[in-house]
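**Q** Pasting in a structure now, in structure tokens, and then I'll have a few things to ask.
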Amino acid sequence: MYEVMLWLESSALAEFLRGLGIWTYGLLNLGHILGISTLFGAVLLMDLRLMGLWRSIPVASLIRPTVPLAVAGFVLAATTGIMMLSFNTTEYHGNPFIYAKFPIIVAGLLNVAIIQRLGPWRRAAAGIAAEPGDQRMLVIFGAVSLLIWTGVIACGRLIGYW
């Protein structure tokens, strides 16, 4: 793993970013926070709805704004995160929170990929009446999603304190 960290830290991207000046890291950090906020805000709304809150609002009505926002937030957070990491990657070698964060992100993405292929999600997204067991499945996936993305944020914050 150290070799990959060393490669990223010595990459052309890292050299370019370090050459942009003192404000670069701070601006990337701001972009990262905005990306995380956008992602988690959208995820929080959708997951709480899947878990049974705001039943008067159809899931399909929340999917339209929250899914594109979550995607945009993830892309911004991932892009700026990699850029920030490239500044001093090797300093994080041995930090358990960075080693936990990335697999948890993969779990979050897998959770999204799986739920979007399931009948309960597809019926909810299309505004079709739920079948027996749909609500339970949506609650489970919503709760798992909320735990996963909260774990990603917690690991991200704790990286700096190790």
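The values are calculated or read from the model by the stated rules, or taken from the named source; none is laboratory data. Worth saying up front: this structure is predicted, and the values here are computed from it rather than measured. Positions of Cβ are generated from backbone atoms using ideal geometry, with glycine treated the same way; all protein chains shown enter the neighbour counts. Calculation scope for accessible area: heavy atoms of the full protein, side chains included, ligands and nucleic acids excluded. Shrake-Rupley method; radii C 1.70, N 1.55, O 1.52, S 1.80 Å.
**Q** In the set 89, 79, which member is farther than 19 Å from residue 143 by Cα and open to solvent by less than 20 Å² (accessible area, probe 1.4 Å)?
**A** Working: 79 fails: open to solvent by less than 20 Å² (accessible area, probe 1.4 Å).
One residue alone meets the criteria, 89.
**Q** Now a separate question. Take residue 109 and tell me if it is assigned to a helix (DSSP H, G or I) and either among the small types (Gly, Ala, Ser) or under 13 Å from the mean Cα position of the chain (by Cα) (or both).
**A** Numbers: assigned to a helix (DSSP H, G or I): yes; either among the small types (Gly, Ala, Ser) or under 13 Å from the mean Cα position of the chain (by Cα) (or both): yes.
Criteria met by residue 109.
**Q** Please find, within segment 5-35, the residue that is nearest to residue 151 (Cα to Cα) out of those that are within 22 Å of the chain's Cα centre (by Cα) and open to solvent by 50 Å² or more (accessible area, probe 1.4 Å).
**A** 33
**Q** Please go through segment 151-162 and give me each residue that is open to solvent by less than 70 Å² (accessible area, probe 1.4 Å) and in a helix (DSSP H, G or I), ordered by number.
**A** Going residue by residue through segment 151-162, those that are open to solvent by less than 70 Å² (accessible area, probe 1.4 Å) are 151-156, 159-160.
Matches in segment 151-162: 151, 152, 153, 154, 155, 156, 159.
**Q** For segment 122-140: of the residues being touching a residue at least 60 places away in the same chain (Cβ under 8 Å) and open to solvent by less than 30 Å² (accessible area, probe 1.4 Å), which is nearest to residue 40 (Cα to Cα)? Write out each step before concluding.
**A** If we filter segment 122-140 for residues that are touching a residue at least 60 places away in the same chain (Cβ under 8 Å), which is where we start, we get 124-127, 135, 138-139.
Filter once more, keeping what is open to solvent by less than 30 Å² (accessible area, probe 1.4 Å): 124, 138.
On the way: 124: 21, 138: 18 Å.
Once the filter is applied, the top-ranked residue is 138.
**Q** Can you name the residue in segment 39-60 that is free of Cβ contacts under 8 Å to residues at least 40 places away in the same chain and open to solvent by 50 Å² or more (accessible area, probe 1.4 Å) and, of all such residues, is nearest to residue 157 (Cα to Cα)?
**A** Here the residue is 45.
**Q** Would you be able to say whether some residue in segment 47-63 is more than 12 Å from the chain's Cα centre (by Cα) and farther than 29 Å from residue 141 by Cβ? Working first, answer last.
**A** Taking segment 47-63 and keeping what is more than 12 Å from the chain's Cα centre (by Cα), we get 47-63.
Those still in the list that are farther than 29 Å from residue 141 by Cβ too: none.
No - not one qualifying residue is present in segment 47-63.
**Q** Any idea which of 72, 125 is at pLDDT 95 or above, of a type in the set (A, V, I, L, M) and assigned to a helix (DSSP H, G or I)? Outline the logic, then answer.
**A** Working: 125 fails: at pLDDT 95 or above.
The conditions single out 72.
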